[in-house]
Amino acid sequence: MMTAFIVFTLAAIGTYLIRLSGIALLGDGKQLSPRVRKALTLVAPAAMAAIIANSLFLDQGAWRDFGAWHLAALVAVGVALWKRSMGWTLVAGATAFALLLVAGL
Amino acid sequence: MTESPKPSRTHGEPARGTFWGIGRQQWRDFWTGSRAIAPLMPGSIVFGLAFGALIVEAGLPAWLAPYASSTVTAGASQIAIVEALRQNAPLLIAVATALVINARLALYSASLAPVFAAFPRRWKLALAYLMTDQSAAVSVLEAPRWPDPVRRRWFILGVSGPFVGVWIAGTAAGALLGPVIPEAWQIGFIVPLMFIAVMVPALRTWPSVAAAGVAIAVVLLLKDLPYGLNVLSGALLGIALGAFVPDKATPEGRSAGEES
């Protein structure tokens, strides 16, 4: 519990400094270099994909048995690409998952 | 740090019609900001509920959920921390994973620098704390319509503040409801689902598709690394290799990522 508290606190301090970085360091004229800017735009897709892969395909470090998780995720990805909407993706993914669980998968 | 212009303390409507010492015009601008971000609030509440429930499911005390949400205030990294703690990761690896995920906020901070340039320092410090993916996007998009720095900062406070508020409230509610949710519901599915919902609709450039693909491959190839290091490696390699892919919008993307 204490470890969790310390981890959240340190992450909070570090994250605040990241949030402040551009505002404090970049004035009116100064700009980020295109290379840095591009790398930063890739943080979100890379980090989120890493978490998706780790939580969807793995369970405590071992392969997750194929079933409701994979199928519902497939539905969610399909709806996300089709509708390009966070809300629809959540609704479709959660509904598919619930139906698959009820169906006993 | 840019010096704020002197007259920025004068309000549009001075003493008349104030509430808590804040002018009516300021409240109106604040309210306009809150309305601009309102469509995104349900997503934030659901995400908060999920994070709160996850904290309890991971065997951590419920109060840590609102604590994390009001200090870290970045859902993706908070979930990554819980996952790392579950795998008994050392403290520094858990913190490093969170900070790598939150490095994207540096980009928003850079985009907001010119928007905040005329604000007094304490406003910059406060608005930086309230910065989220969603509020930064709305603020950058809407800022050109608010040339007056006083009205602009109240608008941005309205965009950022209540959004963080519903996130914290959702988290606290999730932590309270968490123990009631039956295990058979497998609430853990919300983690990949949330991130699919946030990430996939935003995949509009080839470098971002490549970064995501590399990250997934690395996470699975290195699955036997301890302490969730496979997640950290996947994210870093995804960023590094994705950066080599030339910018060209995908067929569905309107513009290359650098322009947004």
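Take the stretch B:114-135 and flag every residue that is crowded, with 22+ Cβ neighbours inside 10 Å and either more than 9 Å from chain A (Cβ to nearest Cβ) or over 11 Å from A:Arg19 (Cβ atoms) (or both).
Hits for the stretch B:114-135 are B:Phe116, B:Phe119, B:Thr132, B:Ser135.
Are any residues in the stretch B:74-90 closer than 13 Å to A:Ala11 by Cβ, part of a loop (DSSP other than H, G, I, E, B) and facing chain A (nearest Cβ under 8 Å), and if so, which ones?
The one that is closer than 13 Å to A:Ala11 by Cβ, part of a loop (DSSP other than H, G, I, E, B) and facing chain A (nearest Cβ under 8 Å): B:Ala74.
Scan the stretch A:2-28 for residues that are at the interface with another protein chain (Cβ under 7 Å from one of its Cβ atoms) and farther than 14 Å from B:Ala94 by Cβ and report the count.
11
Give the stretch B:28-73 a look and list any residue that's within 11 Å of chain A (Cβ to nearest Cβ) and among the β-branched types (Val, Ile, Thr), or say none.
Hits for the stretch B:28-73 are B:Val46, B:Ile55, B:Thr71, B:Val72, B:Thr73.
Can B:Val150 be described as away from chain A (no Cβ under 12 Å), within 21 Å of B:Asn102 (Cα to Cα) and in contact (Cβ under 8 Å) with a residue 60 or more places away in the chain?
For B:Val150, the condition - away from chain A (no Cβ under 12 Å), within 21 Å of B:Asn102 (Cα to Cα) and in contact (Cβ under 8 Å) with a residue 60 or more places away in the chain - is not met.
Picking from B:Val214, B:Val219, B:Val150, which residue would you name as being assigned to a helix (DSSP H, G or I) and in contact with a His (Cβ under 8 Å, 6 or more places away or on another chain)?
Every option except B:Val150 fails the conditions.
In the stretch A:4-50, what residues are of a type in the set (A, V, I, L, M, F, W, C), under 12 Å from B:Ser111 (Cα atoms) and part of a loop (DSSP other than H, G, I, E, B)?
Result: A:Leu26, A:Leu32.
So the check is Cβ under 9 Å with 6+ separation or different chains; which pairs have a first residue in the stretch A:1-19 that's touching a residue at least 12 places away in the same chain (Cβ under 8 Å) and a second one that's of a type in the set (Val, Ile, Thr)?
Sorted first by the residue in the stretch A:1-19, then by its partner, the list stays empty.
Taken together, the values in this text are just the output of simple stated rules run on the coordinates, not laboratory data. Fair warning: this is a prediction, and the values are worked out from it, not measured in the lab. Note that each Cβ is placed from the backbone with ideal geometry, even for glycine, and that neighbours are counted across all protein chains shown.
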